[in-house]
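Chemist: Before we start, here is the structure in question, set down as structure tokens.
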Amino acid sequence: EGMDIDELAYQLAVGESEILRFLSVRGAMLDNVQTLDKDLVKMVCMEYEVEVLESDPVRVEEMAKKNEFLDVEDLDKLVARPPIVTIMGHVDHGKTTLLDYIRKSKVVASEAGGITQGIGAYQVLVPVDGNPQACVFLDTPGHEAFGAMRARGAKVTDICIIVVAADDGVRPQTNEAIAHAKAAGVPIIIAINKVDKEGANPERVMQELSQIGLMPEMWGGDTPMIQISALKGENVDELLETVMLVAELQELKANPDRNAKGTVIEACLDKAKGPLATLVVQNGTLNKGDILVCGEAFGKIRAMYDDRGSLVDQAGPSNAVQIIGLNNVPLAGDEFESVDDLDVARERANTRADAMRIERINAKAGEGKVTLSSIAASVSSGNQAGIDTHGLNVILKVDFQGSIEAIRQAIEALPQENVSLRFLLQAPGDVSVSDVDLAVASEGIVFGFNVKAPGSVKKYAKQKSVEIRLYKVIYDLIDDLRNAMEGLLDLAE
Ligand code: GDP
């Protein structure tokens with residue numbers, strides 16, 4: 001069968017207009033044609049010296065990577081879905097101001113007077129080439145929420161906007177936010193904010209960002225960086241257009257014509273209404289009256305509200321709705337799915353509750369966790385399957401910004417033929433809950449040099465089976481790592 005021009009352009013990484021030009025030169029009349037037949041596709045592919053695969057197992061795999069809620073059966077019925085965006089950044093750099101500005105200026109006022117209801121997500125319309133297109137923002141700014149969701153295995157966000165104040169530059173939480181987005185494989189757009197302020201220095205921000213691996217597009221790199229004033233709304237339109245451009249490249253799709261699946265992003269107990277949950281639909285369509293399994297909760301949807309507080313009957317891909325009708329309050333990050341009947345829902349919810357209990361017991365026993373000892377044991381037994389291809393994800397917290405490079409270089413100088421190291425985060429400051437979440441989500445280990453881990457963080461790490469190793473002497477850290485990587489470690493724990 002044929003292929004859409006935009007799909008082909010995406011696969012070949014060329015512009016649609018270039019393909020159209022090429023075809024028109026060869027006499028194909030393609031005014032207003034969206035889909036190319038097989039022969040034209042072949043012709044274009046030959047021009048770009050790309051082989052045409054008849055079946056597309058690669059595409060199946062690729063789609064699944066982008067949206068774990070897609071099944072093979074969906075592939076022929078995929079349609080574009082709006083991007084889901086999270087805003088992160090250092091405290092006071094303007095996340096809330098930006099979210100508020102976007103909501104106020106872009107959410108169409110409802111008849112009720114435009115009162116928006118905080119359900120944890122809202123949808124805006126962004127004009128793209130004159131056509132309004134939907135974009136969904138998750139409403140809880142900050143990387144803590146993002147990290148906590150990911151630590152629970154949820155992947156909801158398609159694009160991260162990271163806000164950096166132009167008068168302050170890259171700060172610890174900027175680093176953390178970037179690490180979280182990178183670890184999740186989510187594309188980053190930088191909003192350099194507060195450019196209206198005296199002392200704003202966007203150039204310096206770009207320099208700092210390029211030093212930590214984010215090269216601005218305008219300097220030949222591939223990270224879009226838009227200079228904005230969230231307070232005055234300056235350039236926010238350009239920021240949103242960039243979001244839509246990045247979204248287009250990601251080719252976000254879902255099949256609206258099936259039972260709904262997705263993730264809980266917020267939930268609480270309302271005195272009058274009972275359990276309330278905000279769900280983001282990631283595949284399929286959710287209907288009023290649907291029966292859901294939702295983490296360890298289940299029930300029949302009695303009512304659904306959109307972000308303006310209006311009752312709705314349906315919610316398609318990427319839409320967020322608040323629902324009532326569950327028997328219990330689920331957790332943010334829980335998956336949901338609509339199923340055929342209540343018995344199935346109850347059974348699945350119970351199975352899930354059992355599985356969670358077992359997981360908690362295993363976590364207590366420290367089973368399956370990645371530690372320096374487990375890595376050493378795995379290397380010495382030559383057990384390739386033990387730890388994910390012997391990679392070690394490192395989260396490094398140090399006392400001063402200045403120590404980071406020295407320690408990192410010393411660590412990187414270690415021979416890595418047995419175990420390869422990957423730095424997820426290197427930042428000054430004590431070990432935080434967010435660091436632990438990053439370690440959970442990426443099966444990493446947290447190393448601290450001359451920093452502390454507060455009791456609450458230690459406790460949380462224990463619950464999550466994350467190893468935190470604190471050092472005062474740099475050689476001790478290096479020695480332990482080297483020994484572990486060579487399979488020699490014998491640690492008294
Ligand atoms: P958050 O902690 O990242 O959510 O930051 P906020 O949105 O609460 O902003 C912190 C402060 O910076 C507030 O006083 C805002 O009014 C101010 N602010 C945010 N954006 C801008 C901006 O573009 N220009 C100026 N001058 N101030 C801003």
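The values are calculated or read from the model by the stated rules, or taken from the named source; none is laboratory data. Keep in mind that this is a model prediction, so the values were computed, not measured. Backbone-built Cβ (ideal geometry, glycine too); neighbour counts: all protein chains shown. For accessibility, only protein heavy atoms count, side chains too; no ligands or nucleic acids. Shrake-Rupley method; radii C 1.70, N 1.55, O 1.52, S 1.80 Å.
Chemist: Quick test of your reading of the structure: Q173 fulfils all but one of (1) within 12 Å of the ligand (Cβ to nearest atom); (2) more than 23 Å from V440 (Cβ to Cβ); (3) open to solvent by 30 Å² or more (accessible area, probe 1.4 Å); (4) in contact with a strand residue (DSSP E or B) (Cβ under 8 Å, 6 or more places away or on another chain). Name the failing condition by number.
Modeler: All conditions are met except number (2).
Chemist: Continuing with the same structure: Would you check if there is a residue in segment 132-152 being open to solvent by 20 Å² or more (accessible area, probe 1.4 Å), more than 16 Å from the ligand (Cβ to nearest atom), over 11 Å from the mean Cα position of the chain (by Cα) and at positive phi?
Modeler: Checked segment 132-152: no residue is open to solvent by 20 Å² or more (accessible area, probe 1.4 Å), more than 16 Å from the ligand (Cβ to nearest atom), over 11 Å from the mean Cα position of the chain (by Cα) and at positive phi.
Chemist: May I ask you to verify whether A247 is in a strand (DSSP E or B) and away from the ligand (no atom under 16 Å from the Cβ)?
Modeler: It is false that A247 is in a strand (DSSP E or B) and away from the ligand (no atom under 16 Å from the Cβ).
Chemist: Of all the strands (runs of 3 or more DSSP E) wholly in segment 268-378, which have at least 1 residues that are at pLDDT 90 or above and over 24 Å from D257 (Cα atoms)?
Modeler: 274-283, 297-305
Chemist: While we're looking at this one, here's another question. Restricting to segment 319-344, name every residue that is among the aliphatic types (A, V, I, L, M) and under 22 Å from F137 (Cα atoms).
Modeler: A320, V321, I323, I324, L331, A332
Chemist: In this structure, does N255 turn out to be open to solvent by less than 20 Å² (accessible area, probe 1.4 Å) and closer than 30 Å to Y10 by Cα?
Modeler: Answer is yes for this residue.
Chemist: Give me the pairs: first residue in segment 1-29 and closer than 22 Å to V79 by Cα, second residue open to solvent by 20 Å² or more (accessible area, probe 1.4 Å) and of a type in the set (F, W, Y), beta-carbon distance under 6 Å, and six or more apart or on different chains, which are they?
Modeler: Qualifying pairs under 6 Å: L12/Y48.
Chemist: OK, next. Pairs, please: C-beta under 6 Å, at least 6 apart or cross-chain, first residue touching a residue at least 40 places away in the same chain (Cβ under 8 Å) and farther than 15 Å from A277 by Cα and in segment 309-321, second assigned to a strand (DSSP E or B) and open to solvent by less than 20 Å² (accessible area, probe 1.4 Å)?
Modeler: Pairs that qualify, where the first residue is touching a residue at least 40 places away in the same chain (Cβ under 8 Å) and farther than 15 Å from A277 by Cα and the partner is assigned to a strand (DSSP E or B) and open to solvent by less than 20 Å² (accessible area, probe 1.4 Å), are P317/A254; P317/V281; S318/I84; S318/V136.
Chemist: May I pose another question? Within segment 153-170, can you find the residues that are touching a residue at least 40 places away in the same chain (Cβ under 8 Å) and more than 13 Å from the ligand (Cβ to nearest atom)?
Modeler: G153, A154, K155, V156, T157, D158, I159, C160, V170
Chemist: Going by the structure shown, is C160 open to solvent by less than 10 Å² (accessible area, probe 1.4 Å) and within 17 Å of R103 (Cβ to Cβ)?
Modeler: The answer is no for C160.
Chemist: Checking S229 against (1) modelled with pLDDT of 95 or more; (2) more than 21 Å from I102 (Cα to Cα); (3) of a type outside the set (A, V, I, L, M, F, W, C); (4) within 15 Å of the ligand (Cβ to nearest atom), which test does it fail?
Modeler: Single failed check for S229: (2).
Chemist: Give all pairs with beta carbons closer than 7 Å in which a residue from segment 213-236 that is closer than 16 Å to G169 by Cβ meets a residue that is more than 10 Å from the ligand (Cβ to nearest atom) and of a type in the set (D, E, K, R); count only pairs at least 6 apart in sequence or on separate chains.
Modeler: Listed by first residue and then by second, the contacts come to T223/E217; M225/E217.
Chemist: Sticking with this structure for a sec: From the set of residues in segment 176-219 that are of a type in the set (D, E, K, R), surrounded by fewer than 16 Cβ atoms within 10 Å (Cβ to Cβ) and within 16 Å of the ligand (Cβ to nearest atom), which is modelled with the lowest pLDDT?
Modeler: The qualifying residue modelled with the lowest pLDDT is E198.
Chemist: Tell me, please, whether a residue that is at pLDDT 90 or above and farther than 15 Å from E266 by Cα can be found in segment 152-159.
Modeler: yes
Chemist: Please name all residue pairs, on different chains or six or more residues apart, with Cβ atoms under 7 Å, provided the first residue is in segment 90-105 and is over 18 Å from K197 (Cβ atoms) and the second residue is open to solvent by less than 60 Å² (accessible area, probe 1.4 Å) and within 6 Å of the ligand (Cβ to nearest atom).
Modeler: That search, which allows pairs on different chains as well, returns L99/P141.
Chemist: Separate question: Give the residues of segment 83-107 that are open to solvent by 50 Å² or more (accessible area, probe 1.4 Å), under 15 Å from F146 (Cβ atoms) and more than 8 Å from the ligand (Cβ to nearest atom), sorted by residue number.
Modeler: None - no residue of segment 83-107 is open to solvent by 50 Å² or more (accessible area, probe 1.4 Å), under 15 Å from F146 (Cβ atoms) and more than 8 Å from the ligand (Cβ to nearest atom), so the list stays empty.
Chemist: Among the residues of segment 435-477, which ones are open to solvent by less than 20 Å² (accessible area, probe 1.4 Å) and hydrophobic (A, V, I, L, M, F, W, C)?
Modeler: V436, L438, A439, I445, V446, F447, V451, A453, V457, A461, V466, L477
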